[in-house]
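Let me begin by handing over the structure; questions about it come next.
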C-alpha cells in the first residue's frame, strides 16, 4: 500500500511547487509592469584626444524617476570612470568627461538632461529633464523603510544597456546582511549591472536603490595601473553593491528636488533665456577665413563653467587670448569664447599644426546650450555692443576680420616676426586691399611707421588703420618668412 502512496505524495508536492512558482512568476510580472515606467536610462558621451586622434565613447546607466520636474537619480560610479589611459600623458589635461546627457523613457522617447546635484557621500547624482507628458508618477521612498528579515527575497528592477535596447529587467536577490540599520543592507547574487536600480519587496513595497557604500581605496592603485586608466581604484571596480534606503539619500533628494524646480533650470533643446546679444547674427564666413566646429562642451561643477573644445576646419588657428564666436544652426551668436588652449596635431612636436583650440565659458546658472557640431568663426570687426563710431564701418578697405597672432602661433614659420594681425578672410571683390594684393592669411606686423606689439589690442589696431589717411603702407609677412610691403590706396 505504501509503495502506491509514495508516488501520489510526490506528485502532490511537485504540483504544489509548480503552483507556488506560478504565483511568484505572476507577482514578478506585476512588479515589472508596475515599476518599469519609473525606470529610465541616462546616456552620455565622453571624448579624449591623444597623438593626433580623438576618441569618443558612449555610456549609459539605470536611472529612477524620483520627483517632480523630471528628477532622476543614478549611481555615480558609471559616470566617474572617465576616459583615461595614455591620453592623460600628452597635454590633454582638461577632461571633457561625461557630457551631452540624455534621458530615455520606457516609451522610447529621448530628452535632454541637466545635472542638478552630486551627492559624493552617497555616490549618487541627480538630473532633471523636461519630460512633460512623458513623466509618469515618480517613485515615493519611505523615510523609514520596512526592510525584510535576513534571508528574505527582494526584487531588483533596472534597465539593460543599448545592446539590449535598454530593456527593463527584474532580478531577485536576498537580504544577506545588515550593514547599517535603516540605511545599508547587503544583497546576494550578481548585481554588477544593477547600480541605480530600484529594490522592492515581492508585495510591491519600495525599499530603496542599488547603490554603493563608500569605502577606502584599495592599495596598489598607482604605477602602471593608473597609467593604463581605470585600475587605480579596485574597490570601485569590484564595487560594494548594497540596498541603500532613503535614510541615506533623503536629504539629497529634497535638495535636488528644490534645484530642478527653480525657474530657468535645465534645457529642452533650446537655451532657457536669450539676451539681445544672443540674438545678434554673426557675419557670414568668408572663403579662406578660420572656421571651426564644436567638438564638446563639458560642464565643470566646481568652477561653474563650460570647457569647450573646437576642431579646426579651415584657416589658421586663432591665437591665444583671441576671441571666437559660436553660432547656432540659424547663424545666431550663442556665445563668444576666449581661446586659452591650443592643441598640436602631434603633442610631441610643438611645430606641428594646431588641430584643436579650447576655452572656458562662465555659466553658473547653466543656461548656455553649446552642442557638438556648432559652427565657430572669428568675430567680425563690428562686434555687438561696441560703438560703431569708434570703428571703421566696413573694417579696412575691404577687410572686415582680423585675428591677432602671437609668437606661439607664428613661431619659426614667419621669419623673425613674433606678433601681428592676420587677415582672416579674402578681401572683398573690387576692394582697395584686394586690388593692391593683400591676401587671406597675410600677417600685418606694421602699419606705416608704427609696429604692432604684444600690447596692441584689436581696437588699437583698427584705430591705427582708420587714422592712416590716404595711401597706407602695410608691412606684411607671409608663411615661409617672405616679407612684402603693400601700399593700399584710399580708393
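Please determine, by comparing only the residues of the stretch 64-100 that are under 15 Å from the mean Cα position of the chain (by Cα) and surrounded by 21 or more Cβ atoms within 10 Å (Cβ to Cβ), which one is modelled with the lowest pLDDT.
Checked the stretch 64-100; the qualifying residue modelled with the lowest pLDDT is 83.
Here's another thing I want to ask about it. Tell me yes or no: at least one residue of the stretch 140-157 is within 25 Å of the chain's Cα centre (by Cα) and at pLDDT below 90. Show your work before the answer.
Within the stretch 140-157, the subset within 25 Å of the chain's Cα centre (by Cα) is none.
Taking every residue of the stretch 140-157 in turn, none turns out to be within 25 Å of the chain's Cα centre (by Cα) and at pLDDT below 90.
Every residue in the stretch 353-377 that is at pLDDT below 85 and more than 18 Å from residue 295 (Cβ to Cβ), please.
364, 365, 366, 367
Consider residue 423 carefully, then state whether it is in the same structural domain as residue 396 (by TED's automatic domain parsing), within 35 Å of the chain's Cα centre (by Cα), closer than 25 Å to residue 291 by Cβ and touching a residue at least 12 places away in the same chain (Cβ under 8 Å). If you could, list the steps in order and put the result at the bottom.
Numbers: in the same structural domain as residue 396 (by TED's automatic domain parsing): yes; within 35 Å of the chain's Cα centre (by Cα): yes; closer than 25 Å to residue 291 by Cβ: yes; touching a residue at least 12 places away in the same chain (Cβ under 8 Å): yes.
When the stated conditions are applied, residue 423 passes them.
State yes or no: is residue 345 modelled with pLDDT under 85, on the phi < 0 side of the Ramachandran plot and within 19 Å of the chain's Cα centre (by Cα)?
Criteria not met by residue 345.
Any idea how many residues of the stretch 436-456 are surrounded by fewer than 17 Cβ atoms within 10 Å (Cβ to Cβ), more than 16 Å from residue 395 (Cα to Cα) and at pLDDT 85 or above?
Final tally of qualifying residues: 6.
Of everything in the stretch 429-458 that's assigned to a helix (DSSP H, G or I) and in contact with a strand residue (DSSP E or B) (Cβ under 6 Å, 6 or more places away or on another chain), which residue is farthest from residue 409 (Cα to Cα)?
Taking the stretch 429-458 and keeping what is assigned to a helix (DSSP H, G or I), we get 432-436, 458.
Next, from what is left, pick out any that are in contact with a strand residue (DSSP E or B) (Cβ under 6 Å, 6 or more places away or on another chain): 432-433, 436.
Details: 432: 28, 433: 24, 436: 26 Å.
If we take residues in the stretch 429-458 being assigned to a helix (DSSP H, G or I) and in contact with a strand residue (DSSP E or B) (Cβ under 6 Å, 6 or more places away or on another chain), then 432 is farthest from residue 409 (Cα to Cα).
Okay, residues lined up against (1) touching a helix residue (DSSP H, G or I) at 6+ places or on another chain (Cβ under 9 Å); (2) within 18 Å of residue 339 (Cβ to Cβ); (3) without any contact (Cβ under 8 Å) to a residue 12 or more places away in the chain; (4) assigned to a loop (DSSP other than H, G, I, E, B):
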{"residue": "408", "(1), (2), (3), (4)": "no, yes, no, no"}
{"residue": "418", "(1), (2), (3), (4)": "yes, yes, no, yes"}
{"residue": "427", "(1), (2), (3), (4)": "yes, no, no, yes"}
{"residue": "460", "(1), (2), (3), (4)": "no, no, yes, no"}
{"residue": "469", "(1), (2), (3), (4)": "no, no, no, yes"}
{"residue": "474", "(1), (2), (3), (4)": "yes, no, no, no"}
{"residue": "486", "(1), (2), (3), (4)": "yes, no, no, no"}
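Table: residues versus (1) touching a helix residue (DSSP H, G or I) at 6+ places or on another chain (Cβ under 8 Å); (2) assigned to a loop (DSSP other than H, G, I, E, B).
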{"position": "117", "(1), (2)": "yes, no"}
{"position": "122", "(1), (2)": "yes, yes"}
{"position": "125", "(1), (2)": "yes, no"}
{"position": "138", "(1), (2)": "yes, yes"}
{"position": "144", "(1), (2)": "yes, yes"}
{"position": "157", "(1), (2)": "yes, no"}
{"position": "170", "(1), (2)": "yes, no"}
{"position": "176", "(1), (2)": "no, no"}
{"position": "185", "(1), (2)": "no, no"}
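Out of the helices (runs of 4 or more DSSP H) lying entirely within the stretch 216-314, which hold 1 or more residues that are farther than 28 Å from residue 70 by Cα, modelled with pLDDT under 85 and more than 25 Å from the chain's Cα centre (by Cα)? Please lay out each step first, then the result.
Values: elements: 223-228, 234-238, 246-260.
Because the criterion is at least 1 residues that are farther than 28 Å from residue 70 by Cα, modelled with pLDDT under 85 and more than 25 Å from the chain's Cα centre (by Cα), the helices (runs of 4 or more DSSP H) in the stretch 216-314 that meet it are 223-228, 234-238.
Is it true that residue 195 is in contact with a helix residue (DSSP H, G or I) (Cβ under 8 Å, 6 or more places away or on another chain) and part of a loop (DSSP other than H, G, I, E, B)?
So residue 195 fits the description; yes.
The values are calculated or read from the model by the stated rules, or taken from the named source; none is laboratory data. All figures in this text were calculated on a predicted structure; none of them were measured in a lab. Ideal geometry is used to build each Cβ from the backbone, glycine not excepted, and the neighbour counts take in all protein chains shown.
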